[in-house]
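Student: Take a look at this one; I'll ask things after.
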Amino acid sequence: MKQLIVFSVCLVLLAGGSSEANWGLAGRKIVVDPGHGGRNPGAVGPTGLREADANWRVSTAVKHYLETRGGAKVLLTRPQNQDVSLAGRVAKANNWGADRFISIHHNASTNPNLKGVETYCAPGASWASQDLRNKIQKRLAQGLGTGNLGAKTANFYVLRNTNMPAVLVEAGFVSNRYEEARLKDPAYNWKEAWYIYAGIADHFNVKP
Ligand SMILES: [Zn+2]
């Protein structure tokens, strides 16, 4: 019990807010898609951080906030140690009848100095997709202070083929030494998750 209390207090401190659940997202069905996984590490950082692992930690923390504070229903598209095809991820979201789809990734570049956050929706996507993208991008860029690369469009498979408003977050560069060091820290991953969650809450016009 003591451990649980200490853990809860840590979460509250990380969240920078009160611990009160507000159930503002009750009834919403949200798919959180941790990019890559299993034998597919995604991008690998200069000191070995696997993007898939950072994606997993952030995704499960986003799930936690959505469920315990927002009261939303959340489905993850893959288990921790397994990759799932892009078609499989999309099928899970479409078959479940999700209200929103949030794909979580971290970036890589041949330019080792490049860092910052960018969020995508598909070209010509609905107003809801664009709004969700803009709200998440704003929260992440302001909250993490690592650089704002903007709200963008790209023809990613998971954005093109999902039936519901969908966005893809690139929450930092594993190829940048400064950002890689931060992304290795679970406390920092919780922080990323908080801002993604807050952006989702903003999009639905409720308090995070
Ligand atoms: Zn990725």
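The numbers here are math on the coordinates, done by the rules we state, and not lab data. As the structure is a prediction and not an experimental result, all values here were calculated from the model. All Cβ positions, glycine included, derive from the backbone under ideal geometry; neighbour counts span all protein chains shown.
Student: From the square roots a ≥ b ≥ c of the eigenvalues of the alpha-carbon gyration tensor of the range 152-208, which class results: rounded (a/c under 1.5), prolate (a/b over b/c), or oblate? Please report the intermediate quantities before stating the final value.
Tutor: Working: a/c = 3.07, a/b = 1.28, b/c = 2.39.
Oblate shape, in that a/c is at least 1.5 and b/c is the bigger or equal ratio.
Student: Using the membrane-span-like helix rule (whole DSSP H runs, Cα extent along the own axis of at least 15 Å, mean Kyte-Doolittle hydropathy at least 0.0), which helices of the chain qualify? Please report the intermediate quantities before stating the final value.
Tutor: Values: long enough: 2-15 (20 Å, 2.23); 51-68 (25 Å, -0.69); 86-96 (16 Å, -0.30); 127-144 (25 Å, -0.94); 186-203 (26 Å, -0.51).
Qualifying helices, which must be both long enough and hydrophobic enough, are 2-15.
Student: Work out, in µm²/s and without decimals, the Stokes-Einstein translational diffusion coefficient of the chain at 20 °C, 1.002 mPa s, Rh from Kirkwood over C-alpha pairs.
Tutor: Numbers: Rh = 16.9 Å.
For these conditions, the coefficient is 127 µm²/s.
Student: Treating only the Cβ of Lys, Arg, Asp and Glu as charged (+1, +1, -1, -1), what charge dipole size does the range 29-203 show about its Cα centre? Round to the nearest 20 debye. Don't jump to the answer; show the numbers that get you there.
Tutor: Working: 22 positive and 14 negative charges, 37 e Å.
Using Cβ point charges on Lys, Arg, Asp and Glu, the range 29-203 gives about 180 debye.
Student: Of ASN40, ALA125, TYR188, which is farthest on the positive side of the dipole of the range 29-203, counting Cα position, with +1 on Lys and Arg Cβ, -1 on Asp and Glu Cβ, and the Cα centre as origin?
Tutor: ALA125
Student: To continue, here is another question. How big is the dipole moment of the range 16-119 about its Cα centre under a simple scheme where the beta carbon of each Lys and Arg is +1, that of each Asp and Glu is -1, and everything else is neutral? Debye, nearest 20, please.
Tutor: Working: 13 positive and 8 negative charges, 39 e Å.
Result for the range 16-119 is approximately 180 debye, rounded to the nearest 20.
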